[in-house]
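Worksheet for the structure shown next.
No value in this document is a laboratory result; all are computed from the given coordinates. Given the structure is predicted, the values throughout are model-derived calculations rather than measurements. FYI the Cβ positions are ideal-geometry reconstructions off the backbone, even for glycines, and counts take in every protein chain you see.
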Amino acid sequence: MKEKLVKYLKDLVEIPSVIGNEKEIADYTQNFVERYYPSSNIVRYNNSLMVFDEIDQSKKTLALVGHLDTVPGENDFTGQIIDGRLYGLGASDMKGGLAVMMGLMDYFSDKEKRFNLIYVFYEKEEGPYVDNGLEPLLSEFDIIQKADLAIALEPTDNKVQVGCLGTLHASIIFKGKRAHSARPWQGENAIHKAADFLKRLADYGIHEYEFDGMKFLEVMNATMVEFSGGRNIIPDKFVINVNYRFAPGKTIEQAKEDVLKLVNGEAEVEFTDLCPSGNVCLYNPVLSELIEKYSLPVEAKQAWTDVARLSLYGIDAVNFGPGEAAQAHQKNENIPLENLYKNFEILSDFIKVEK
């Protein structure tokens with residue numbers, strides 16, 4: 001199976017699938033899954049796919065979830081194996097996980113499983129929350145909701161990452177009065193009006209938050225600015241994009257209140273791209289068995305993933321994948337092949353019927 005896993009991953013990284021251009025990789029994936037499942041068990045929605053077993057009520061159900069898209073990037077060694085690492089855009093985030101999903105589908109094509117399996121391959125994960133291709137699969141169909149546990153094979157270095165931070169973006173809009181920079185008293189500098197807020201934001205620091213024994217770090221940062229005018233004009237508008245990463249247990253409304261409190265009425269606030277936090281589901285019996293059986297390290301997810309979206313639909317979900325988190329979105333992205341093999345070995349052993 002190791003050779004097959006490498007082949008699947010090479011095929012995947014050699015298909016460009018930058019967000020918004022997933023048709024070719026979705027077609028490839030559909031051709032692959034049609035070898036193993038009848039059309040009645042395959043759903044294609046735009047450039048996303050769901051593939052599922054006939055549900056046997058005597059078994060628990062496991063969903064394996066992976067996104068097909070990548071961020072834009074460069075890779076000088078696509079498809080090459082160097083020092084035990086396979087290179088290619090998306091190798092770690094998260095085509096390595098997709099290759100494992102394909103390997104499991106192949107492996108169990110003639111073997112008994114103790115779980116019903118649902119495979120989810122979806123588009124547009126790397127972009128705005130509202131465009132994400134997992135959402136229509138959840139809202140238009142009820143297949144994934146049958147899962148007792150969903151595993152997103154995001155890059156986690158083969159650690160189980162539970163929960164995830166919520167995230168929101170807010171435009172903090174300071175308004176002034178335009179004037180010539182030689183006569184600033186005739187105007188009101190919108191940039192200068194932001195000084196007190198920026199000081200409070202810089203001092204916000206790191207807020208540690210513990211949820212179900214997992215430590216999450218809440219942070220709030222300015223990430224972009226825009227202004228009106230030019231270098232010899234007192235600007236009448238200055239907009240700061242603030243990104244707030246907030247812990248599980250906090251609702252989007254509570255997170256919005258945190259931002260409004262920091263702004264203190266000094267500017268207008270427009271909230272954009274609101275993404276909920278993900279549940280910490282360590283109580284889940286399937287997850288507990290997986291962790292205990294293989295002595296897997298467990299940590300909090302200090303970022304956002306679609307575990308949060310799955311949580312909104314009442315689905316217990318975690319991140320557990322072969323990719324290296326540090327390689328995600330890097331130039332010349334790569335994945336250690338040993339990680340790939342280990343992830344497959346753990347999941348295949350967990351899923352198989354013990355004799």
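Numerical summary
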read-out: Other-chain or far-sequence residues with amide H under 5 Å of PHE211's (modelled H); value: PHE216
read-out: Folded to 0 to 90 degrees: helix 285-294 orientation relative to the chain principal axis, Cα; value: 70 degrees
read-out: For the stretch 283-355: rounded, prolate or oblate by the Cα gyration tensor [a/c cutoff 1.5]; value: oblate
read-out: Cα radius of gyration and Dmax for the stretch 30-140 (Å); value: 15.5, 49
read-out: The stretch 202-217 - phi-based ³J(HN,Hα) in whole Hz, Karplus 6.51/-1.76/1.60, Gly and Pro as x; value: 5, 8, 4, x, 10, 9, 6, 9, 9, 9, 6, x, 9, 8, 10, 10
read-out: Dipole magnitude (debye, nearest 20) for the chain, charges at Cβ of Lys, Arg, Asp, Glu; value: 640 debye
read-out: Cα-based Rg and Dmax for the stretch 113-189, where Dmax is the largest Cα-Cα distance (Å); value: 23.4, 77
read-out: Dipole axis of the chain (+1 Lys, Arg; -1 Asp, Glu on Cβ), positive-most option in ILE81, GLN327, VAL225; value: VAL225
read-out: Relative contact order (%) - the chain, alpha-carbon pairs under 8 angstrom, separation at least six; value: 25 percent
read-out: Two-decimal log10 I(q)/I(0) for the stretch 166-275, as the Debye equation yields it once each C-alpha is a single scatterer, q = 0.14 Å⁻¹; value: -0.59
read-out: Cα long-axis angle, helix 23-33 against the chain (0 to 90 degrees, to the nearest 10); value: 20 degrees
read-out: Dipole-positive endmost among TYR36, THR70, ALA26 within the stretch 11-77 (Cβ charges, Cα centre); value: TYR36
read-out: ³J(HN,Hα) computed for each position of the stretch 245-254 - Karplus, 6.51 cos²θ - 1.76 cosθ + 1.60, integer Hz, glycine/proline x; value: 9, 10, 7, x, x, 9, 7, 4, 5, 5
read-out: Distance in nm between pseudo-label sites at LYS193 and LYS342 (7 Å out along the Cβ direction from Cα); value: 5.4 nm
read-out: Amide H contacts of LEU149 (H built 1.01 Å from N, under 5 Å, at least 5 apart or other chain); value: THR61, ALA63
read-out: Pairwise label distance in nanometres, LEU260 with PHE227, each label 7 Å out on the Cα-Cβ vector; value: 2.9 nm
read-out: Loop-resident sites, the stretch 278-351, for trypsin sites (Lys or Arg not before Pro), counting at most 15 other Cβ within 10 Å (DSSP); value: LYS331
read-out: Loop-located trypsin sites (Lys or Arg not before Pro) in the stretch 81-144, at most 10 other Cβ atoms within 10 Å (DSSP); value: LYS111
read-out: Pairwise Cα inverse-distance average, inverted: Kirkwood Rh of the chain (Å); value: 21.9 Å
read-out: Members of LYS177/LYS301; LYS59/LYS159; LYS23/LYS293; LYS146/LYS342; LYS193/LYS250; LYS250/LYS331 lying beyond 32 Å, as alpha-carbon distances in this model show; value: LYS177/LYS301; LYS23/LYS293; LYS250/LYS331
read-out: Options LEU262, MET214, ILE191, ranked by Cα towards positive dipole end of the stretch 166-275, top entry (Cβ charges); value: ILE191
read-out: Using alpha-carbon coordinates, inclination of helix 337-351 to the longest axis of the chain, degrees; value: 60 degrees
read-out: Neighbour-count order for TYR283, TYR244, fewest beta carbons within 10 angstrom listed first; value: TYR283, TYR244
